[in-house]
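Undergrad: Quick one: structure below, then a few questions.
The values are calculated or read from the model by the stated rules, or taken from the named source; none is laboratory data. What you see is a predicted model, and the numbers here were worked out from it, not measured in a lab. Here the Cβ positions follow ideal geometry from the backbone for every residue, glycine too, while neighbour counts run over all protein chains shown.
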Amino acid sequence: MTVKAGRLLIRTRIWRKAPIFVPTTIGYPAMRIYLIGFMGSGKSTIGRRLAKRLAYPFYDLDSVLEEKLGMSIREVFNERGEVCFRTEEQKVLHQISKEGRGVIATGGGTPCFFDNMAHMNKTGVTVYLKMSPLSLSHRLENARLKRPLMEGKQGAELLASIRELLMEREPYYLQASCIIKGENAKPEQIMALIFGH
């Protein structure tokens with residue numbers, strides 16, 4: 001099904017498998033909403049705002065993982081390697097998915113490993129915050145938090161790295177239940193896309 005609201009909402013698919021809707025007292029069905037997308041696409045920022053609007057708990061997957069391991073994401077990558085990081089990330093994802101309703105901001109690579117994307121689609125609604133490589137480059141170059149996979153890169157080198165990695169990851173992102181333009185996404189637009197009002 002295609003949904004349009006200006007140029008912001010691109011596409012939505014309705015999944016008919018797992019019973020993810022249960023009644024709440026605030027007028028919206030309770031569910032797990034997974035925000036996915038490339039690093040720097042605003043998953044954590046918009047996730048907090050969306051959770052506040054819905055009166056849902058908010059989970060930042062990277063922050064939960066850092067708290068569990070007692071290390072920063074950069075330290076995990078540098079000291080234990082990406083394989084260890086992805087394994088622990090999957091464990092945390094499955095743990096959070098048992099917590100009931102909530103808005104979950106995932107890591108940029110979360111959907112691309114193991115059965116993570118299928119698991120998220122089975123246990124909730126996935127929303128891809130889609131952004132152009134150029135927009136992502138501007139955000140990442142000016143970000144205070146430097147991502148391990150992009151550390152030390154800037155300008156043309158950063159943009160080229162984003163394009164290459166996005167090409168690898170987007171086939172997974174495009175499996176999302178809903179896709180929304182991320183440059184100026186707002187919680188209200190995601191709510192309209194998911195709930196229809």
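Undergrad: Take Ser132 and tell me if it is surrounded by fewer than 16 Cβ atoms within 10 Å (Cβ to Cβ) and at pLDDT 95 or above.
TA: Criteria met by Ser132.
Undergrad: Further question on the same structure: If you scan segment 54-89, which residues turn out to be closer than 30 Å to Gln189 by Cα, surrounded by fewer than 16 Cβ atoms within 10 Å (Cβ to Cβ) and more than 14 Å from the chain's Cα centre (by Cα)?
TA: Passing the criteria: Ala55, Pro57.
Undergrad: Output the residues belonging to segment 169-197 that are more than 16 Å from the chain's Cα centre (by Cα) and loosely packed, with under 13 Cβ neighbours inside 10 Å.
TA: Scanning segment 169-197 gives Glu188, Gly196, His197.
Undergrad: Something else now. State yes or no: is Gly102 crowded, with 20+ Cβ neighbours inside 10 Å, over 25 Å from Ser137 (Cα atoms), modelled with pLDDT of 95 or more and under 15 Å from the mean Cα position of the chain (by Cα)?
TA: Considered against the rule, which asks whether it is crowded, with 20+ Cβ neighbours inside 10 Å, over 25 Å from Ser137 (Cα atoms), modelled with pLDDT of 95 or more and under 15 Å from the mean Cα position of the chain (by Cα), Gly102 comes out as yes.
Undergrad: Please go through segment 180-197 and pick out each residue that is more than 22 Å from Arg139 (Cα to Cα) and in a helix (DSSP H, G or I).
TA: Glu188, Met191, Ala192, Leu193, Ile194, Phe195
Undergrad: Filter segment 146-168 down to the residues that are under 22 Å from Asn116 (Cβ atoms), of a type outside the set (Val, Ile, Thr) and surrounded by 12 or more Cβ atoms within 10 Å (Cβ to Cβ) and list them by number.
TA: Arg147, Pro148, Leu149, Met150, Leu165, Leu166
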